[in-house]
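The values are calculated or read from the model by the stated rules, or taken from the named source; none is laboratory data. None of these values were measured; they are calculated from a predicted model. Cβ: placed from backbone, ideal geometry, glycine included. Neighbour counts: every protein chain shown. What goes into the accessible areas is simple: the full protein's heavy atoms, side chains included, and nothing from ligands, DNA or RNA. Shrake-Rupley method; radii C 1.70, N 1.55, O 1.52, S 1.80 Å.
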Amino acid sequence: MKLIVNNTLKPFINNPELYNPFLEEIQSRIDKVHRRLEQLNDIEEVYRAQGEIRTLRSMLRLRDDINGS
């Protein structure tokens, strides 16, 4: 299953015209969550924001994960 998914995503991640705007969008979302995180008072919301950033950062590593396997 993983091999099928990897082969399906390779055209996307190896196409700079598609992948670079994707990376910019992910980084923009990380920046937004980071700004929100700085203003949060509720610890549960802080944990949620941290999890969101962690997930988004894993998406930034998509190319390495796909091409590395």
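Would you mind stating whether ILE66 is part of a helix (DSSP H, G or I), among the hydrophobic types (A, V, I, L, M, F, W, C) and modelled with pLDDT under 95?
yes
Collect the residues in region 17-26 that are among the hydrophobic types (A, V, I, L, M, F, W, C) and open to solvent by 80 Å² or more (accessible area, probe 1.4 Å), keeping them in residue-number order.
LEU18
If only one of ARG35, ARG63, ARG48, ARG29 is loosely packed, with under 13 Cβ neighbours inside 10 Å and of a type in the set (Lys, Arg), which one is it?
ARG35 is the lone residue from the list that is loosely packed, with under 13 Cβ neighbours inside 10 Å and of a type in the set (Lys, Arg).
Please state which one of ASP31, ASP42 is of a type in the set (Asp, Glu) and under 17 Å from the mean Cα position of the chain (by Cα).
ASP31
Just one of (1) open to solvent by 80 Å² or more (accessible area, probe 1.4 Å); (2) polar (S, T, N, Q); (3) more than 23 Å from GLY68 (Cα to Cα) trips up THR8, so point out which.
So the condition that THR8 fails would be (3).
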